[in-house]
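Step one of this worksheet: look at the structure below.
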Amino acid sequence: SLAGTGATSGATFTATSVLNMQRRNFLEIKDIEVCVNERCKSLSDNGRVEGIRPGDTLDLRVTIKNRYSTIEREDLDINDGVLEFEIDDREFSENDNVDLSDISADEEVEESFSFSVDDDVRDGTFNLDITSFGRDENGALMGEFNSIDMRVERESHDLTIRRIAATPTVLDCGVNRILRVSTT
């Protein structure tokens, strides 16, 4: 966009303006892999993971690539890169980030995150937002945003037994013996 001020002097016109330019993005989220209890699925932007249950462990592996080539005129690092993910819901909230440091031209970096789904998360679909950003050596901001739908399925009759305790631990034969069993 051009906007500015100018002055004329005879047949010459001089103008001063601010010029903004959008550069092509060279910091790409190349691959997103979501594993639910070691059952893995490779996804792209707007992907969907179903069958998540309260108590499940989720592993998130994200591959970032510097798309600048290594030819001399393009050989640029991306500096101070950051990768972050966030699920932002009142009932299901997780987030984390990692510093990527400098990523050389044509280099790929893989980062992993792991978290568990709380037992009290309601049935529903939650957005997992994944963002990468950094600046190339010329100062141009690079980055990408991806969103994945996470479908938590909760059955109304699901029970998770965490602990069983019996007292007494040894039961003798005879009358008036009572065995108490408690569960959590």
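The values are calculated or read from the model by the stated rules, or taken from the named source; none is laboratory data. Computed from a prediction, not measured in an experiment: that's the story for all the values here. Because the Cβ atoms are built from the backbone with ideal geometry, glycine has one as well, and the counts that use them run over all protein chains shown. Side chains are part of the model used for accessible areas, which takes the heavy atoms of the whole protein and leaves out ligands, DNA and RNA. Shrake-Rupley method; radii C 1.70, N 1.55, O 1.52, S 1.80 Å.
Summary table
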read-out	value
When residues of the range 93-115 are limited to those that are over 14 Å from the mean Cα position of the chain (by Cα) and of a type in the set (Gly, Ala, Ser), the one modelled with the lowest pLDDT	101
Some residue of the range 127-139 being of a type in the set (Val, Ile, Thr), at pLDDT below 95 and assigned to a strand (DSSP E or B)	no
Top-ranked residue of the range 87-113 - restricted to ones that are open to solvent by 80 Å² or more (accessible area, probe 1.4 Å) and part of a strand (DSSP E or B), ranked as farthest from residue 137 (Cα to Cα)	88
One residue from 118, 136 being out of contact with any helix residue (DSSP H, G or I) (no Cβ under 6 Å at 6 or more places or on another chain), open to solvent by less than 60 Å² (accessible area, probe 1.4 Å), acidic (Asp, Glu) and at negative phi	136
Residue that is farthest from residue 29 (Cα to Cα) [pool: residues in the range 121-133 that are of a type in the set (S, T, N, Q) and open to solvent by less than 70 Å² (accessible area, probe 1.4 Å)]	125
Residue pairs meeting the criteria (Cβ under 8 Å; at least 6 apart or on separate chains; first at positive phi, in the range 80-108; second small (Gly, Ala, Ser) and open to solvent by 60 Å² or more (accessible area, probe 1.4 Å))	80/101
